[in-house]
Amino acid sequence: MLSQLYIENVAVIRRASIDLREGLNVFTGETGAGKTMLVWAIGAVLGGRVSREMIRTGESKAVVSALFTQIDPAVAARLEELGCPLDEGQLLVSREFSLDGRGSCRINGRPSTVSILRQAAGMLIQIHGQQDNQELADPQRHLRYLDDFGGHREALAEYRSAYRAWRDLQSQLDSLQMDEAEKARRMDMLAFQVQELEEARLEAGEEEELAAQRTRIRNAEKITSALAGAKTVLEGTDEAEGVLSLLDTLRDNLNAAGRYLEELEEPSQRAEGIYYELEELSSTLGELLESSEFDPRQLGEIEDRLDLLYRLKRKYGATVEEMLAYLEKSRRELEELQDSDARLDRLAGEVEEALRRTEEAGRKLSALRKTAAREFLRQVQEELAFLDMPQVKLSLAAREKAPGPDGMDQMELLIVTNPGEAPKPLAKIASGGEMSRLMLAVKNVMAGREEIATMIFDEIDTGVSGRAAQKIGLKLRQAAQTRQVICVTHLAQVAAYGHHQLKIHKEVEAGKTFTQVDPLTREERVQELARMVGGENLTPTALQNADEMLRLAGN
C-alpha cells in the first residue's frame, strides 16, 4: 500500500509529507485548495506526464516521492524481474523535474527511467479520475473490460498471432498481384539491369587494383629513373665503383687480416652477409626495371574500365560489392516475377489457410467474451442496484465484424435508465451522476480480478448527492476491506465513510499562498463534515448531524 507521499514545490504545495494508512483514506477541502494536485503528484511520481507549469512559482524544481509497504509477495517477485528489488520489504520511488526540462527518477535510491517507473506503478496502484467516465463511453474500452474480466490473455494472444501471420501473407500476396502491364514493365527493367551488370563482369576489389595500376603507369618514368639510380648505386659505372664493388674489397681486406686476428671472424661474416643481401637486392631491382616498361595503350584501357565502373556506381551502388549485391537481388526478383503465377497460386492457398486459422481463433475468443459478458453484466447490475440505480439496465450489443487486431467482435455496453425505453449507448443517455456510479460499479467488479493493492478515486461522486452519495461512500468502504482506497471528495456523505480523513486547505503567509494537508481527529472530522454540509456557520444541529453521519458510517 501507499504509506507516505512527499510533495515539494508542486503548484500551491510548498512542502507536504502525507501519511496514509490501511482502509479508506478521504481527502476533503474547499474547491481550489489543491486536492486534485495530490492525485496529479501521485500520477507524476509513478511515471505520468509532468509539466514545468506545475512547478511552484519562484522555484526552480519540484520533487515528489512515494513509499510503498506491505507489498504482496507475487507483486514483489514481478518487481524484482523488472529490476526493482525491495529494500527491507519497501519500495521508495521518487521523481524530480525542473524548469530547464531536466528530470530524474529513482527507485530505492537507484537511478531509473520513466518507462520502468510506469511499469512498476501498474503493479502497485490504480488511479481513477474524472476522465475515466469519458473512457467508459468508448466502446473499445468495453471490449477490454470483458477481456480483463474473463482473463482472456492467452486466447487473445493466440488470436493476434494468427492475425499477424494472415496479414503478413496477405501483404505478400497483394505485392504480387500487380497488373500485367506493370509486371511486364518491371520485368523489362530488371532484365536490362541484370544484363548490364552481367556484361560488366564485375569483380570484388577490382576498382582498387585498377586505380593502383593507373598510378603506376602515370608515374612510370619516375619509377624507372629511381630504380635505375638505386641499381647504379649498388653496381657502379665505368667511371665510379658501386657499393657492391666496395663491399667486395672490404670483404677481401677483412679476410686477409682475419688470418692473423681471430677477433675479425665475426665482422668478416657480417660483411659477407651484407654483400650477399645487397647482391640479391640488385637482382630484384633489375627484375623490376625490366617489368616497369608500361604500354601507354594499357592506361587507356584502365581509364575506360574505371569510367564504366563510375557510370554503373551512379545507378547501382557506391562500390563494386554493392553493385554485385544489387545484381543478386535483381536476379532473385526477376526469377520471382517469372515464377509469379505459380507463387500466386501457392500464396493464395497459404492466405486462405491463415485466414481460416484466424477466424477459428476469433470465434473461440468471441465465445469466451460472450460468456464473460453475461457474468460481467450480472455483477455490474448488482453493484448498480446497491448504488440506488435498480431501474438502470445494462445490456451488450454484439456483432461479428471482419478480423481486426483485437478480434472479430464489435461489442458495446448499452444502458436503459428508465423502464420502457430502448437501450442506448452510454455516451448518449447516461448523466454525469449515472456515469460516476456506473464507473464505480465497473471498477468494483474489475477490482476482484486484479492484484492492485491501492486504488485512488478522484471525485468519483461527481454529479451525485443524497442517498446515492451515501451508497457510494459505503461501497468505497467495502472495497477498502481488501485493499487501500484513497478518495478525493466534495461530499460529506462519502467522507463520513472514510476510516481516515485528511483536510486540504490554503493558508497565506507573507503574501504567498500555501496548501496544507492535515489528518483530522474525530472531533475535527465532525466540524469538517458540518462545514461541508452547512457552510461556515456551524450550528449545534449541524454538528449533531455530522456526528450522527460518522456514527452511522461506523466511525
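The values are calculated or read from the model by the stated rules, or taken from the named source; none is laboratory data. Not measured: the values here are computed from a predicted model. Here the Cβ is made from the backbone with ideal geometry for all residues, glycine too, and neighbour counts use every protein chain on show. When the accessible area is computed, the model is the full protein with side chains, heavy atoms only, and any ligands, DNA or RNA have been set aside. Shrake-Rupley method; radii C 1.70, N 1.55, O 1.52, S 1.80 Å.
If you go through the range 529-545 one residue at a time, do you hit one that is buried (at least 17 other Cβ atoms within 10 Å of the Cβ), in contact (Cβ under 8 Å) with a residue 40 or more places away in the chain and in a loop (DSSP other than H, G, I, E, B)? No. The condition (being of a type in the set (A, V, I, L, M, F, W, C), under 20 Å from SER175 (Cα atoms), surrounded by 12 or more Cβ atoms within 10 Å (Cβ to Cβ) and within 37 Å of the chain's Cα centre (by Cα)) is satisfied by just one residue among LEU347, LEU396: LEU347. Restricting ILE472, ILE456, ILE486 to those that are assigned to a helix (DSSP H, G or I), under 30 Å from ALA121 (Cβ atoms) and open to solvent by less than 10 Å² (accessible area, probe 1.4 Å) reduces the list to ILE472. Looking across the range 259-280, just one residue is open to solvent by less than 100 Å² (accessible area, probe 1.4 Å) and outside any helix (DSSP H, G or I), and that is LEU261.
Quickly run through the range 160-174 and pick out the residues that are open to solvent by 70 Å² or more (accessible area, probe 1.4 Å) and either outside any helix (DSSP H, G or I) or within 20 Å of ASP147 (Cβ to Cβ) (or both). Of everything in the range 160-174, those that are open to solvent by 70 Å² or more (accessible area, probe 1.4 Å) and either outside any helix (DSSP H, G or I) or within 20 Å of ASP147 (Cβ to Cβ) (or both) turn out to be ARG160, ARG164.
Filter the range 399-412 down to residues that are open to solvent by 40 Å² or more (accessible area, probe 1.4 Å), charged (D, E, K, R) and in a strand (DSSP E or B) and give me whichever is nearest to ARG167 (Cα to Cα). So the residue we want is LYS401. Just to check your reading of the model, which residue among GLY150, GLY103 is in contact (Cβ under 8 Å) with a residue 60 or more places away in the chain and surrounded by 13 or more Cβ atoms within 10 Å (Cβ to Cβ)? Criteria check complete, one pass: GLY150.
Quick check, is GLN478 over 30 Å from GLU59 (Cα atoms), touching a Ser or Thr at 6+ places or on another chain (Cβ under 9 Å), open to solvent by 10 Å² or more (accessible area, probe 1.4 Å) and not in a strand (DSSP E or B)? No: the conditions fail for GLN478. Determine whether the range 19-38 contains at least one residue that is buried (at least 16 other Cβ atoms within 10 Å of the Cβ), farther than 22 Å from MET455 by Cβ, in contact with a Ser or Thr (Cβ under 8 Å, 6 or more places away or on another chain) and charged (D, E, K, R). No, there is no match, as no residue in the range 19-38 is buried (at least 16 other Cβ atoms within 10 Å of the Cβ), farther than 22 Å from MET455 by Cβ, in contact with a Ser or Thr (Cβ under 8 Å, 6 or more places away or on another chain) and charged (D, E, K, R). Cβ-Cβ distances below 6 Å connect the following pairs, each with a first residue in the range 382-409 that is closer than 27 Å to ALA157 by Cα, a second residue that is open to solvent by 50 Å² or more (accessible area, probe 1.4 Å) and of a type in the set (S, T, N, Q), and a separation of six or more residues or different chains: ARG399/GLN410; LYS401/GLN410. Of the helices (runs of 4 or more DSSP H) lying entirely inside the range 175-245, the ones with 1 or more residues being touching a residue at least 12 places away in the same chain (Cβ under 8 Å) and open to solvent by 90 Å² or more (accessible area, probe 1.4 Å) are found at 206-218, 220-235. Within the range 337-344, at least one residue is under 48 Å from the mean Cα position of the chain (by Cα), at pLDDT below 90 and open to solvent by 80 Å² or more (accessible area, probe 1.4 Å).
Residue-level analysis places ARG374 among those that are within 30 Å of LYS401 (Cα to Cα), in a helix (DSSP H, G or I) and open to solvent by 40 Å² or more (accessible area, probe 1.4 Å).
If I filter the range 5-19 for residues that are within 27 Å of the chain's Cα centre (by Cα), modelled with pLDDT of 85 or more and under 27 Å from ALA480 (Cβ atoms), do I get at least one hit? No - not one qualifying residue is present in the range 5-19. Does THR462 satisfy being free of Cβ contacts under 8 Å to residues at least 40 places away in the same chain, surrounded by fewer than 22 Cβ atoms within 10 Å (Cβ to Cβ) and not hydrophobic (A, V, I, L, M, F, W, C)? Criteria not met by THR462. Selection of first residues in the range 156-172 that are over 15 Å from GLY407 (Cβ atoms) and of second residues that are at pLDDT 95 or above and among the polar types (S, T, N, Q), restricted to Cβ pairs under 9 Å at least 6 apart or on distinct chains, gives the following pairs, ordered by first then second residue: ALA165/THR358.
The set of residues from the range 37-90 being of a type in the set (Phe, Trp, Tyr) and at pLDDT 85 or above comprises just one member, PHE68. Given the structure, is THR513 surrounded by fewer than 21 Cβ atoms within 10 Å (Cβ to Cβ), touching a Lys or Arg at 6+ places or on another chain (Cβ under 7 Å) and over 23 Å from GLU382 (Cα atoms)? Here the answer is yes, as THR513 does meet what is asked. The set of residues in the range 46-93 being outside any loop (DSSP other than H, G, I, E, B) and either among the β-branched types (Val, Ile, Thr) or open to solvent by less than 30 Å² (accessible area, probe 1.4 Å) (or both) consists of ILE55, ALA62, VAL63, VAL64, SER65, ALA66, PHE68, VAL75, ALA76, LEU79, LEU91, VAL93. GLU30 passes every criterion in (1) within 29 Å of GLN481 (Cα to Cα); (2) of a type outside the set (A, V, I, L, M); (3) outside any loop (DSSP other than H, G, I, E, B) apart from (3).
Screening ARG297 on (1) surrounded by fewer than 15 Cβ atoms within 10 Å (Cβ to Cβ); (2) under 30 Å from LEU413 (Cβ atoms); (3) of a type outside the set (Asp, Glu) shows it passes everything except condition (2).
For the range 350-368, filtered to residues that are in contact (Cβ under 8 Å) with a residue 24 or more places away in the chain and farther than 30 Å from PHE149 by Cβ, the residue that is farthest from the chain's Cα centre (by Cα) is GLU350.
Among the residues making up the range 322-336, a single one is acidic (Asp, Glu) and open to solvent by less than 70 Å² (accessible area, probe 1.4 Å): GLU333.
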